[in-house]
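Working notes, beginning with the structure itself.
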Amino acid sequence: MNWTAADITAFLAALGLTVTLDNGSLNGIEITGIFSEPFEAVNQFDGSVESSGPSVECATADISDVKHNQALRVNDTDYVITGIQNDGTGWTKLYLRERFD
């Protein structure tokens, strides 16, 4: 299904939250996205490793210049973009890792 710009805008207005993307300016730019931080457990040889896989889904049109390793702030937590997945329907998922520096 291809989403129209109006569909995406309405969906984000209803369910999204404001995130700040570092674009080199003092305050960055604010976009609206859907934040997710699902729990992940990977079984290793004698135990499991637990982590989360944070991501933000947003309108592709809002992030045309986004890059890997760019900073993003969600709910007062700083993240770094580790992956960019454009699904071809008007949405892009930004995979994140928490920034510790």
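Throughout, read-outs are computed from the coordinates displayed, never taken from laboratory work. From a predicted model like this one, the values you see are computed outputs, not experimental measurements. Note: ideal-geometry Cβ built from the backbone for every residue, glycine included; neighbour counts use all protein chains shown.
If packing is taken as the mean number of other Cβ atoms within 10 Å per residue, what is the order of 14-23, 81-90, highest first? Intermediate values should be presented prior to the final figure.
On the way: 14-23: 14.7, 81-90: 13.2.
Descending mean neighbour count gives 14-23, 81-90.
In degrees between 0 and 90, to the nearest 10, how far off the longest principal axis of the chain does helix 5-15 point, with axes built from Cα atoms?
50
Could you point to the label whose value was computed as Rg and Dmax of the Cα atoms in Å for the structure here, given [x] 21.0, 67; [y] 14.8, 50; [z] 14.2, 48?
Given [x] 21.0, 67; [y] 14.8, 50; [z] 14.2, 48, the calculated one carries the label [y].
Using mean Cβ contacts within 10 Å as the protection proxy, how do 45-52, 58-65, 4-11 order, highest first? Walk me through the numbers before you get to the answer.
Numbers: 45-52: 8.6, 58-65: 15.8, 4-11: 13.4.
The packing order, highest mean first, is 58-65, 4-11, 45-52.
Residue by residue through the stretch 47-56, what is 3J(HN,Hα) from phi via Karplus (6.51 cos²θ - 1.76 cosθ + 1.60, θ = phi - 60°)? Round to whole Hz and write x for glycine and proline.
In residue order, the calculated couplings are x, 10, 10, 10, 7, 10, x, x, 7, 10 Hz.
What percent do you get for the relative contact order of the chain when only Cα pairs under 8 Å and 6+ apart count? Don't skip to the answer; put the middle values down first.
Details: 186 pairs, mean separation 24.8, N = 101.
In percent, rounded to a whole number, it is 25.
Spin-label point model (7 Å from Cα, Cβ direction): what's the ASP101 to THR82 distance in nm?
1.6
What ³J(HN,Hα) values, in whole Hz, does the Karplus curve 6.51 cos²θ - 1.76 cosθ + 1.60 give for the stretch 30-40 when θ = phi - 60°, with x put for Gly and Pro?
9, 10, 10, x, 9, 8, 9, 9, x, 6, 10
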